[in-house]
Amino acid sequence: MVVGPEESVNMELAGWADNLAARLKKLIGLESPFDNRVFRIVVRQSADEDTGIASGTQQCDENGRLVQRLVISGYANAVKEDVEEVFCRLLLNGFVVAKRMHETPENRVKATVPRWLSDGVVQNLTPSAKAQNSRIVVAMWKKGELPSLSKFLNADAQAADAPVDRPLSGVFVAWLLSMPGRGELLDRIFARIAEGEAVSQEWVATLVPGCESVSDLDEKWENWLLRQRHIIYTPGTAAADSISELKSQLLFYRGDFGIPFSTSQSERISLHGLIEERNAGWIPGLVESKCASLRFLAIGKGDEFKDVVEAYCSFLTAVSGKKNPKQLEKLLKTANDKIDSLQTKVEGPK
């Protein structure tokens, strides 16, 4: 049920809520525990036109019905992720309340899911959000800037102030959802919360197959992060490892592609080194072979990655065509700028 001053907005929100609830159900693999849940979405005018705020309330009435309300003040300016997070948190809270039916109606709703869980679920509802979160978290992990699991899980369960919270929540929940029997695993988390116990790092270790200690959990978590570098969540986009592989293919070694060995020169030839060697007889064969392998690497990795590859192919082709050094330097700079820009987009700023 949606209540608000504009019927068009009410209808839009009703459709949005149905769609989001269906996607959440599919993601977590659990049926709603309440057939008689009452869920109301209330849209209110905001005194401050530039502010959009979403909040949630819940209570159980004397008949055992769970009554939940999502209140959106200043709908036009509400942040989509904030509204989705509150909505999903209320839906997830229903699983906790269902395990507290032995309590008084007032006490049934006192235990709620931690913010990392509701935030994390929302972050896994779309491939684009999963991809972005993976890039952010892996980049921070590689720099040694990612909070430890202990700090993350033991933080204020209802706070989400740090910029990394949502991406980290998304990747952590994605890890939990990747495990066998995700529905049963989440059900155990809901039961833990219903009992009033903390979802601590030590307890999470009991959920993960093959973990006997916090050290095991940390190791498996780091292995999961390492694997994220290889995953393309959104078809047609580049992962961090694709860029690393491209860079490795742009290194040339004497003995390959007919490049002669030399005792007086470095074993490795850089792209700048190819400019100096542009008149060598082995250049045409190298360029033909390398352009073919680079274009093969670009298949399925999106237009931006393909654009980078083509920039390097243009440079290599120009080397084979014996263009003057200034032209070649300009083409190489263009290609290098493109790969730097893509790497920053994929992995985050250095």
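Entry remark, segment 225-284: residues being exposed (fewer than 13 other Cβ atoms within 10 Å of the Cβ), within 24 Å of Leu125 (Cα to Cα) and modelled with pLDDT under 70 number 3 in total. Screening segment 34-141 for helices (runs of 4 or more DSSP H) wholly inside it with 1 or more residues that are outside the structural domain of Ser244 (by TED's automatic domain parsing) and under 15 Å from Ala17 (Cα atoms) returns the ranges 80-97, 115-123.
Scanning segment 188-212 for residues that are part of a helix (DSSP H, G or I) and either crowded, with 18+ Cβ neighbours inside 10 Å or outside the structural domain of Asn223 (by TED's automatic domain parsing) (or both) returns Ile189, Phe190, Arg192, Ile193, Ala194, Gln201, Val204.
Collect the residues in segment 13-28 that are touching an Asp or Glu at 6+ places or on another chain (Cβ under 8 Å) and surrounded by fewer than 16 Cβ atoms within 10 Å (Cβ to Cβ), keeping them in residue-number order. Give the steps one after another, and end with the answer.
Narrowing segment 13-28 to residues touching an Asp or Glu at 6+ places or on another chain (Cβ under 8 Å): 20, 25.
Within segment 13-28, Lys25 is the sole residue that qualifies.
Taking the options Val3, Val9, name whichever one is of a type in the set (Val, Ile, Thr) and surrounded by 14 or more Cβ atoms within 10 Å (Cβ to Cβ). Spell out the reasoning first.
Numbers: Val3 fails: surrounded by 14 or more Cβ atoms within 10 Å (Cβ to Cβ).
Exactly one residue qualifies, and that residue is Val9.
The values are calculated or read from the model by the stated rules, or taken from the named source; none is laboratory data. Just so we're clear, the structure is a prediction, and the values are computed from it rather than from any experiment. A quick note on method: Cβ atoms are made from the backbone with ideal geometry, for glycine too, and the neighbour counts reach across all protein chains shown.
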